[in-house]
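Engineer: Please read through the structure below; I'll follow up with questions.
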Amino acid sequence: MNRPNLNAYVSVLRQLLVCLMLCIGCGTAAIAQEEPIKPKEINKAPDTLNKLAPYLLRINAPGAVERGATDSLATPLSTAVADSTLMQRDSVFYTKLKASMYKRRLTRQIYDAVFRDVYNSRIKTGEVNQIEVNPFNAFEGRIIGAIYIRRLSVFGQTVYDTLRKPANWLERTGNSLHTNTREHVILRSYLLFRQGDAVNPTVLRDNERLLRSTSIFHDARILVVPRRGSRQFVDVYVITQDVWSLLPNGGLGGFNNFSIGFDQLNFRGLGHQLFAQFALNGNDPRQKIEYQARYRVPFIGKTFLTAEVDLLYLRDLKQVAFKLYRPFLTPDMKYAGAIEINHSQINNRIINRDDSVLFVPLTYNYSDIWIGRSFRLFFRQGNSDEKGRSRLIIALRNTNYEYLSRPDVTADTNQIYQDSRTTLFSVGYSRRKYVRDVLVYGYGRTEDVPVGQSIVGIVGFDNAELGQRLYTGLNFSQGKYVRRMGYLYGLISLGGYSRQGGIEQGVFSFESNYFSPLLKSKWGNVRHFFNTRYTTGIDRFNNEYISLGGSNSGINTDGIGINTDVLRGTRRWFINYENILFSRLNLVGFRVAFITFVNLGLVSFPDRALLQGPLYQGYGIGFRLRNENLTFNSFQIRLSYYPNIPGNTIPFRQSFEGIPTLQFRDFDVSAPQIIPYR
């Protein structure tokens, strides 16, 4: 007698349950932690908002219309459906239901067949919507009547689920010790809009991205809610979640050899950043004590200026510096610029062509000032958002190096230490927008991927000590999502000085970065990364070179993976592949990702063709740990194999290291600059 096939019954039962749920729901999707608000029920929304009022800060301008008040244009049917994200009301019921049904295999399969999670649901699909509809378009032209600020705790809650609770006592303790960013700081320094402004959809979307891009916020959302009984006024809700801002650092090698310090990214909730470190090395004959400090005040008032002061007293670098700068934070910003002055004393490490090492003591004053202006291009009413974000940017920059102490400078020795005053002018075209994605360089937070292109022409004069030189340069970059293939970015740069008909200190470089769509597997979500960079120097000075050496691994390095002085030359080609498996493992709030990587590189001087040299190689596996709610770098443990690095006596290497979070290459145009030789 044949035994019944249990899997067949389970499959049939799952299909029947899905059909039943669809029938009950009249064809609407059943979504975990999501309850759509139907248009007929929009009048009930204020009741929900009133429940949130104790947790929100409301700012009323003089004469602002209170909720429930009507204006001359109000009609019973005048309110619109709020932003789609507002329609996802948090539900404790679904959270408890999921926890209960996941206890058994059968009920877990039923849950997975019927429901889908809203929180970071893009992780499950792995798809990026190429034509993202701006959720604020429905409210364009409405008047902002009131602004509400909701500040979430560092641990537990998320901007997609504000009812989540801390999972353990450690998270609860962390929330109690952390000081959230103050409401008035968010209002006065981080918002691009004010009460009484007309709703501009692109401004609100840029502001949401701006909040997420700062170092003090883990994530942010902006919601627009129509006022009950009014077709003219809307209220804006700004929801932010801080990161844990205090990062201690240091090391101990004995009572006579230690370092201690901290990095506070959000001092007393003001958004100010304070870094300080002290080190003692009693066995160093040159300098036993080192210290450094930095204080930064971002986004001063509504000017979006950032001020920074640096003090360094290190063995090989002593510096006092001041910076005041404002970049083009959004495509709509009209003005940007910066002022920087510093006094530096360094011991510059130079490796000659014969592999001899020299330490060159230098003392110099440096100043830098630039200003830029942005103009809107090719914009008419009805243009797409992408076309409407095209800009023409012109900028002017002046830099000055004045050496107080240096080696002798002649026409054929130590030319890089000559006094110089360089004036550069640039004209650039930029078109950019941002597509939201997850699990690219982050571990679950919302990431804004730049899409667009830029082209910049640079021309200027270097009034150098050895004679005036003309500088010209050109940069072109483009990046976009390729349908069903992933994201592709490319950058081409060419520049150099000309004097008496000849080219000197020239450089040509090409760079390309690619990552695949998010691929689902039974162990987690997978992405593939491929990066390559080619650089060649054109008539560089004798003591100028580029290196293939570099620490870290995979996409987190621009070198082979080992710090070495042997892999030097005037041209190089580096290729990197990395595979990342974002697993479902969670260790005390730390997400786990498994990596495999391959690093390949070529480097040579002019006396040998690049492709005729050996192909230097590095291979490895490992895993990374990261908690997005912390300011800590990702922690990485890796096992690497370097089979043919000259002078390397340890081909197999193990390491435990911190990995900073990578940043996307944007398409903004800022200060004119000399194309770097690296």
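The values are calculated or read from the model by the stated rules, or taken from the named source; none is laboratory data. Predicted model, so just to flag it, every value in this text is computed and none were measured. Note: ideal-geometry Cβ built from the backbone for every residue, glycine included; neighbour counts use all protein chains shown. Surface accessibility is based on the protein's heavy atoms, side chains included, excluding ligands, DNA and RNA. Shrake-Rupley method; radii C 1.70, N 1.55, O 1.52, S 1.80 Å.
Engineer: Select from segment 167-196 the residues that are open to solvent by less than 80 Å² (accessible area, probe 1.4 Å) and farther than 28 Å from Asp332 by Cβ and list them in ascending order.
Structural biologist: The answer is Asn168, Glu171, Thr173, Gly174, Asn175, His178, Thr179, Asn180.
Engineer: Also, quick follow-up: Output the residue which, of all residues in segment 276-297 that are closer than 17 Å to Leu247 by Cβ and out of contact with any Leu (no Cβ under 9 Å at 6 or more places or on another chain), is most open to solvent (accessible area, probe 1.4 Å).
Structural biologist: Among residues in segment 276-297 that are closer than 17 Å to Leu247 by Cβ and out of contact with any Leu (no Cβ under 9 Å at 6 or more places or on another chain), the one most open to solvent (accessible area, probe 1.4 Å) is Phe278.
Engineer: Taking the criterion of being modelled with pLDDT under 80, in contact with an Asp or Glu (Cβ under 7 Å, 6 or more places away or on another chain), β-branched (Val, Ile, Thr) and open to solvent by less than 60 Å² (accessible area, probe 1.4 Å), would at least one residue in segment 119-131 satisfy it?
Structural biologist: yes
Engineer: Pick from Arg436, Arg431, Arg499, Arg469: which is basic (Lys, Arg) and under 30 Å from Phe594 (Cβ atoms)?
Structural biologist: Arg436
Engineer: Spot the failing condition for Leu270; the list is (1) within 28 Å of Thr158 (Cα to Cα); (2) within 25 Å of the chain's Cα centre (by Cα); (3) part of a strand (DSSP E or B), and only one is missed.
Structural biologist: (3)
Engineer: How do the pairs read when you match residues in segment 277-300 that are over 26 Å from Leu187 (Cβ atoms) with residues anywhere that are open to solvent by less than 50 Å² (accessible area, probe 1.4 Å) and outside any strand (DSSP E or B), using Cβ under 7 Å and keeping only pairs 6 or more apart or on different chains?
Structural biologist: Qualifying pairs under 7 Å: Lys288/Gly282; Glu290/Leu314; Gln292/Leu314.
Engineer: Going by what's in this entry, would Glu511 be described as charged (D, E, K, R) and over 27 Å from the mean Cα position of the chain (by Cα)?
Structural biologist: The answer is no for Glu511.
Engineer: Within the bounds of segment 138-161, is there any residue that is among the acidic types (Asp, Glu) and modelled with pLDDT under 80?
Structural biologist: Taking every residue of segment 138-161 in turn, at least one turns out to be among the acidic types (Asp, Glu) and modelled with pLDDT under 80.
Engineer: Restricting attention to segment 489-503, report how many residues are open to solvent by 70 Å² or more (accessible area, probe 1.4 Å) and either modelled with pLDDT under 95 or of a type in the set (Gly, Ala, Ser) (or both).
Structural biologist: Here the count works out to 3.
Engineer: Do we have any residue at all in segment 298-308 that's closer than 19 Å to Ile216 by Cβ, in contact with a strand residue (DSSP E or B) (Cβ under 6 Å, 6 or more places away or on another chain) and either open to solvent by 30 Å² or more (accessible area, probe 1.4 Å) or basic (Lys, Arg) (or both)?
Structural biologist: Scanning segment 298-308, I find at least one residue that is closer than 19 Å to Ile216 by Cβ, in contact with a strand residue (DSSP E or B) (Cβ under 6 Å, 6 or more places away or on another chain) and either open to solvent by 30 Å² or more (accessible area, probe 1.4 Å) or basic (Lys, Arg) (or both), so the answer is yes.
Engineer: So which of Tyr417, Tyr403 is under 24 Å from Ala321 (Cβ atoms), open to solvent by less than 50 Å² (accessible area, probe 1.4 Å) and at pLDDT below 90?
Structural biologist: So the residue among Tyr417, Tyr403 that is under 24 Å from Ala321 (Cβ atoms), open to solvent by less than 50 Å² (accessible area, probe 1.4 Å) and at pLDDT below 90 is Tyr417.
Engineer: Of all residues in segment 263-275, which are touching a residue at least 60 places away in the same chain (Cβ under 8 Å) and open to solvent by less than 60 Å² (accessible area, probe 1.4 Å)?
Structural biologist: Asp263, Leu265, Asn266, Gly269, Leu270, Gly271, listed by residue number.
Engineer: Answer yes or no as to whether Asn207 is within 24 Å of the chain's Cα centre (by Cα) and of a type in the set (S, T, N, Q).
Structural biologist: When the stated conditions are applied, Asn207 passes them.
Engineer: How do the pairs read when you match residues in segment 148-176 that are in contact (Cβ under 8 Å) with a residue 40 or more places away in the chain with residues anywhere that are open to solvent by less than 20 Å² (accessible area, probe 1.4 Å) and part of a helix (DSSP H, G or I), using Cβ under 7 Å and keeping only pairs 6 or more apart or on different chains?
Structural biologist: Ile149/Ile186; Val154/Gly174; Phe155/Gly174
Engineer: Under the condition of being more than 16 Å from Gly549 (Cα to Cα) and aliphatic (A, V, I, L, M), which residue from segment 637-653 is nearest to the chain's Cα centre (by Cα)?
Structural biologist: Ile637
Engineer: Mind counting the residues in segment 654-678 that are out of contact with any helix residue (DSSP H, G or I) (no Cβ under 8 Å at 6 or more places or on another chain) and either modelled with pLDDT of 90 or more or in a loop (DSSP other than H, G, I, E, B) (or both)?
Structural biologist: Going through segment 654-678 one residue at a time, the tally reaches 17.
Engineer: Mind listing whichever residues of segment 504-545 are assigned to a loop (DSSP other than H, G, I, E, B) and surrounded by fewer than 18 Cβ atoms within 10 Å (Cβ to Cβ)?
Structural biologist: Ser516, Lys522, Trp523, Asp539, Phe541, Asn542, Asn543, Glu544
Engineer: Hey, among the residues in segment 581-594 that are open to solvent by 20 Å² or more (accessible area, probe 1.4 Å) and out of contact with any Gly (no Cβ under 7 Å at 6 or more places or on another chain), which one's nearest to Phe623 (Cα to Cα)?
Structural biologist: Phe594
Engineer: Let me ask something else. Could you check how many residues of segment 616-638 are at pLDDT 90 or above and either in contact with a Phe, Trp or Tyr (Cβ under 7 Å, 6 or more places away or on another chain) or farther than 21 Å from Leu587 by Cα (or both)?
Structural biologist: Count: 5.
Engineer: Under 9 Å by Cβ, and 6 or more places apart or on different chains, what pairs join a residue from segment 484-496 that is without any contact (Cβ under 8 Å) to a residue 24 or more places away in the chain with one that is small (Gly, Ala, Ser)?
Structural biologist: Qualifying pairs under 9 Å: Gly490/Ser477; Gly490/Gly479; Gly490/Ser512; Ile492/Ser477; Ile492/Ser509.
Engineer: Could you check, for segment 566-580, whether at least one of its residues is open to solvent by less than 70 Å² (accessible area, probe 1.4 Å), out of contact with any Lys or Arg (no Cβ under 6 Å at 6 or more places or on another chain), over 30 Å from Ile350 (Cα atoms) and in a strand (DSSP E or B)?
Structural biologist: Yes, because at least one residue in segment 566-580 is open to solvent by less than 70 Å² (accessible area, probe 1.4 Å), out of contact with any Lys or Arg (no Cβ under 6 Å at 6 or more places or on another chain), over 30 Å from Ile350 (Cα atoms) and in a strand (DSSP E or B).
Engineer: Out of all the residues in segment 320-364, which are crowded, with 16+ Cβ neighbours inside 10 Å, of a type in the set (D, E, K, R) and touching a residue at least 60 places away in the same chain (Cβ under 8 Å)?
Structural biologist: The answer is Asp332, and nothing else.
Engineer: Return yes when Phe664 is under 29 Å from the mean Cα position of the chain (by Cα) and surrounded by 16 or more Cβ atoms within 10 Å (Cβ to Cβ) and no when it is not.
Structural biologist: yes
Engineer: Could you tell me whether Arg432 is basic (Lys, Arg) and either without any contact (Cβ under 8 Å) to a residue 24 or more places away in the chain or open to solvent by less than 50 Å² (accessible area, probe 1.4 Å) (or both)?
Structural biologist: It is true that Arg432 is basic (Lys, Arg) and either without any contact (Cβ under 8 Å) to a residue 24 or more places away in the chain or open to solvent by less than 50 Å² (accessible area, probe 1.4 Å) (or both).
Engineer: Do we have Arg164 as part of a strand (DSSP E or B), open to solvent by 30 Å² or more (accessible area, probe 1.4 Å) and modelled with pLDDT of 60 or more here?
Structural biologist: Taking the combined requirement at face value, the residue does not satisfy it.
Engineer: Regarding Val440, is this residue assigned to a strand (DSSP E or B) and either out of contact with any Pro (no Cβ under 8 Å at 6 or more places or on another chain) or of a type outside the set (D, E, K, R) (or both)?
Structural biologist: So Val440 does not fit the description; no.
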